[in-house]
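The values are calculated or read from the model by the stated rules, or taken from the named source; none is laboratory data. Just so we're clear, the structure is a prediction, and the values are computed from it rather than from any experiment. Positions of Cβ are generated from backbone atoms using ideal geometry, with glycine treated the same way; all protein chains shown enter the neighbour counts.
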Amino acid sequence: MDKTDPPLLARQPILDSSLQVVGYELLCRPMPQDTLAWQNEHGDRATSEVLISAFNDIGIDLVTGGLPAFINFTSHWLHHPPIMPANSIVAELLEYIPANEENLAALRRLKKLRYKIALDDYEGDESQAPLFPLIDIVKVDIRRLPDLNNLPALINKYQQHNLQWLAEKVETQEEYRLCKEAGCTLFQGYFFSHPANVYGKRLPDNQLAVLQLLRILNNEDSKIEEVAKILQTDPQLSYKLLQMVNSAAVGFAREITSISRAIVIVGLDRLRAWANLIALGRLQEKPAVLREQAVVRAFLCKALVFSWPNLDDETAFTLGLFSLLDAFLDRPLEEICERLRLPVELTVALTNHQGDYGFILATTVRMEKGQWQAIDWNVLQGLGVSPAQLEWHYLNALQTANALLQNAG
């Protein structure tokens with residue numbers, strides 16, 4: 001992680017009774033203030049920044065080493081959970097969120113999505129007791145307790161819910177001992193570790209594509225095909241979607257290489273939440289000509305793949321679209337392929353132009369650059385693709401890409 005750039009977030013370890021790290025709380029930079037006023041003004045954006053930095057910019061495996069990430073859920077994120085895989089997140093329900101029926105229903109939905117839920121900064125308020133059947137962990141802010149000796153009685157009072165109790169803001173050996181004896185099995189605080197900065201490079205987002213995506217997703221009559229058209233015009237957003245779906249925590253048997261299939265897996269509601277997440281973050285631009293070049297490559301790769309037996313046209317489209325990701329993201333293609341968990345055949349196609357997909361991409365690039373003599377015509381003609389047909393496919397890819405980009409705009 002490059003420390004020449006400002007830190008993207010901070011993390012503080014959470015330990016069990018044997019003092020083994022079992023997770024990390026992720027915090028935005030600058031550090032959030034522990035007040036209702038700050039949360040009301042900045043809380044949604046702070047969670048957005050943490051999620052984007054951890055899952056998109058750096059990669060959650062690098063941030064937590066495969067351990068759960070404890071992330072603050074404001075009221076907005078409680079009712080609009082992010083697209084990120086639930087088994088890599090512990091949703092920290094902020095103490096300011098009341099235990100009303102609307103919020104309890106949202107918690108039930110989170111449980112159906114398989115989220116683990118923690119109640120943050122608990123002080124013993126009985127009005128929050130209706131939350132306990134739906135949560136897994138209670139984080140007790142021991143600095144706010146009037147007397148730490150009251151902690152055993154507090155834990156015993158709610159023992160029937162099979163809760164895990166986490167003592168936070170532990171600062172001394174004596175506090176750790178008392179909390180452990182009281183029944184806490186998880187611990188966090190300066191006694192163990194101060195929050196540590198996590199560095200990385202922020203990945204850019206195409207502002208126009210994000211706004212177009214939001215417009216389509218917020219139309220109740222939107223179809224998956226319409227959403228796919230927007231994503232297929234933007235390599236950066238497509239990369240982020242596939243990175244999310246192919247996260248190690250998702251656990252699909254095979255990596256997803258089709259944008260349309262990724263949308264089906266995620267669902268439009270969660271995709272809408274993800275687009276809102278991106279919109280809350282920082283949006284940057286890359287030259288429009290680079291985007292056009294990537295889309296033209298995608299359509300030409302997709303056209304050529306029909307001459308090959310047993311190759312997938314949607315995967316070929318993704319191949320062409322992602323062939324310029326190093327220019328979009330300012331990172332080497334090898335690293336990008338690893339982050340996406342792409343199959344070996346696509347990785348070698350993108351990085352070394354090897355294999356059948358690699359041949360298609362190499363042909364596409366040479367056609368684009370006008371390197372007519374470098375094209376392997378013997379192989380193409382063996383597959384029934386003549387020079388005239390290749391030129392026709394290329395011109396058609398140009399026209400199709402231009403039309404799609406104009407309609408998307």
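Residues in the range 330-353 that are in contact (Cβ under 8 Å) with a residue 40 or more places away in the chain, within 24 Å of VAL289 (Cα to Cα) and crowded, with 22+ Cβ neighbours inside 10 Å: none. Per the conditions (1) in contact with a Phe, Trp or Tyr (Cβ under 9 Å, 6 or more places away or on another chain); (2) at pLDDT 85 or above; (3) surrounded by fewer than 20 Cβ atoms within 10 Å (Cβ to Cβ), the sole criterion not satisfied by SER193 is (1). Just for the range 130-182: of the residues that are of a type in the set (Gly, Ala, Ser) and under 25 Å from PRO98 (Cα atoms), which one is nearest to the chain's Cα centre (by Cα)? Among those residues, the one meeting the criterion is ALA167. Looking at GLU334, GLU285, just one residue is at pLDDT 85 or above and within 20 Å of the chain's Cα centre (by Cα), and that residue is GLU334. Determine if the range 98-118 includes at least one residue that is modelled with pLDDT under 95, of a type in the set (S, T, N, Q) and in a loop (DSSP other than H, G, I, E, B). Yes, the range 98-118 contains at least one residue that is modelled with pLDDT under 95, of a type in the set (S, T, N, Q) and in a loop (DSSP other than H, G, I, E, B). For the range 354-365, a tally of residues being surrounded by 18 or more Cβ atoms within 10 Å (Cβ to Cβ) and either of a type in the set (Gly, Ala, Ser) or free of Cβ contacts under 8 Å to residues at least 12 places away in the same chain (or both) returns 2. Determine, yes or no, whether GLU368 is acidic (Asp, Glu), farther than 15 Å from HIS393 by Cβ and either at pLDDT 85 or above or surrounded by fewer than 20 Cβ atoms within 10 Å (Cβ to Cβ) (or both). Considered against the rule, which asks whether it is acidic (Asp, Glu), farther than 15 Å from HIS393 by Cβ and either at pLDDT 85 or above or surrounded by fewer than 20 Cβ atoms within 10 Å (Cβ to Cβ) (or both), GLU368 comes out as no. Of all residues in the range 391-404, at least one satisfies being of a type in the set (A, V, I, L, M, F, W, C) and surrounded by 20 or more Cβ atoms within 10 Å (Cβ to Cβ).
Return a yes/no flag: does the range 151-161 have any residue that is assigned to a loop (DSSP other than H, G, I, E, B) and either at pLDDT 70 or above or among the hydrophobic types (A, V, I, L, M, F, W, C) (or both). Checked the range 151-161: at least one residue is assigned to a loop (DSSP other than H, G, I, E, B) and either at pLDDT 70 or above or among the hydrophobic types (A, V, I, L, M, F, W, C) (or both). Only residues that are of a type in the set (S, T, N, Q) and crowded, with 19+ Cβ neighbours inside 10 Å were counted across the range 84-109, and they come to 1.
Can you name the residue in the range 66-80 that is more than 15 Å from the chain's Cα centre (by Cα) and either part of a loop (DSSP other than H, G, I, E, B) or over 14 Å from GLU102 (Cβ atoms) (or both) and is also modelled with the lowest pLDDT among such residues? Among them, the one singled out is THR74.
Scanning the range 327-369 for residues that are farther than 28 Å from VAL379 by Cβ and outside any loop (DSSP other than H, G, I, E, B) yields PHE328, LEU329, GLU335, GLU338, ARG339.
Please verify whether the range 290-298 includes one or more residues that are assigned to a helix (DSSP H, G or I), closer than 23 Å to LEU333 by Cα and at pLDDT below 80. Yes, that holds for at least one residue. Please go through (1) at pLDDT 85 or above; (2) crowded, with 18+ Cβ neighbours inside 10 Å for ASP313 and return the number of the only condition it doesn't satisfy. Of (1) at pLDDT 85 or above; (2) crowded, with 18+ Cβ neighbours inside 10 Å, only one is false for ASP313: (2).
Across the range 380-390, what is the total count of residues that are assigned to a helix (DSSP H, G or I) and loosely packed, with under 12 Cβ neighbours inside 10 Å?
2
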